[in-house]
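Data block below; observations after.
The values are calculated or read from the model by the stated rules, or taken from the named source; none is laboratory data. On a predicted model such as this, the values are computed, not experimentally measured, just so you know. When we count neighbours, we look across all protein chains shown, and the Cβ atoms used for this are built from the backbone with ideal geometry, even at glycine. SASA here: full protein model, heavy atoms, side chains in, ligands and nucleic acids out. Shrake-Rupley method; radii C 1.70, N 1.55, O 1.52, S 1.80 Å.
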Amino acid sequence: MAAARRLCAAAGLGGRFCHMLLKDHNLTTRQPFHQLLQKKPSLPSAVWHRAVRGMFIQTQDTPNPNSLKFIPGREVLESRTMEFSTPAAAYCSPLARQLFRIEGVKSVFFGPDFITITKESEDLDWNLLKPDIYATIMDFFASGLPVVTDEAPRTDTAASEEDDEVVLMIKELLDTRIRPTVQEDGGDVIYKGFEDGIVQLKLQGSCTSCPSSVITLKNGIQNMLQFYIPEVEGVEQVVDDDDDVEKEANST
């Protein structure tokens, strides 16, 4: 409940609306933040760590049991994020390429100061994957190589000259109120478009295959956007071609 009230305060919501939000979404059940854009009053702090060569790597659970957040204690991607859903997508990141060489790694996500690793299946034990992931991260930062090269594409929500007033407001709300909170759970939300009142968003990192991703979109992000921007009628998730192929493979 305290976390829910903090979100309302951070979003600048009035007391009456905050009470309605808490009541309508049954936040008294203390569901994880990722389910209703709220976090539990206290997330377990890093429970696994390594201190080697001056680097202290912490790990933090995410709402997705197949994703784990690794915090190396130093900058990873400054103020932006990048997702690598396949080894081929990691062409512009030496670190991501090395992480994909670890058997069982399904996808890699870089945040400003963290790395989210998603494993291939629930059957894989994190205790077996962690040593190789720790070693790869530590060796890479010791090498001094750049996390991403110059040809890395931009995937943020930066404003452009083509954006109208509504789109600018959507991007600002995403950047200032929504994305920072989602990143705490090891994921991100990327703006993809706005058409006929529908905001198109792509979930990344731990959010990609999280069972509660639909609830995050509808009960969390959509409600906040609609509250501040009347022109927003709904929110829908978009997926890349790679994600479509993967879903088809999993369904067969």
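Using the Cα centre as the reference, give the magnitude of the dipole from point charges on the C-beta atoms of the stretch 54-205 (Lys, Arg: +1; Asp, Glu: -1; all else neutral), rounded to the nearest 20 debye. Write down the numbers at each step before the final one.
On the way: 14 positive and 27 negative charges, 115 e Å.
Dipole about the Cα centre, nearest 20: 560 debye.
Starting from the residue with the highest accessible area, list Val189, Val238 in decreasing order, probe 1.4 Å. Write out the running numbers ahead of the final one.
Working: Val189 0, Val238 35 Å².
In descending accessible area the options line up as Val238, Val189.
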Mean Cβ count within 10 Å, highest first, over the residues of peptides 226-237, 169-180: 169-180, 226-237
Using a 1.4 angstrom probe and counting only protein chains, how large is the accessible area of Glu165 in Å², to 10? 140 Å²
For Asp132, what accessible area in Å² do you get when you roll a 1.4 Å probe over the heavy atoms of the protein chains, rounding to the nearest 10? 80 Å²
Rounded accessible area of Lys130 (nearest 10 Å², 1.4 Å probe): 10 Å²
Using the heavy atoms of the protein chains alone and a 1.4 angstrom probe, what is the accessible area of the stretch 57-124 per residue in square angstrom? 40 Å²
Treating only the Cβ atoms of Lys and Arg (+1) and Asp and Glu (-1) as charged, compute the dipole magnitude of the stretch 61-118 about its Cα centre; round to the nearest 20 debye. 140 debye
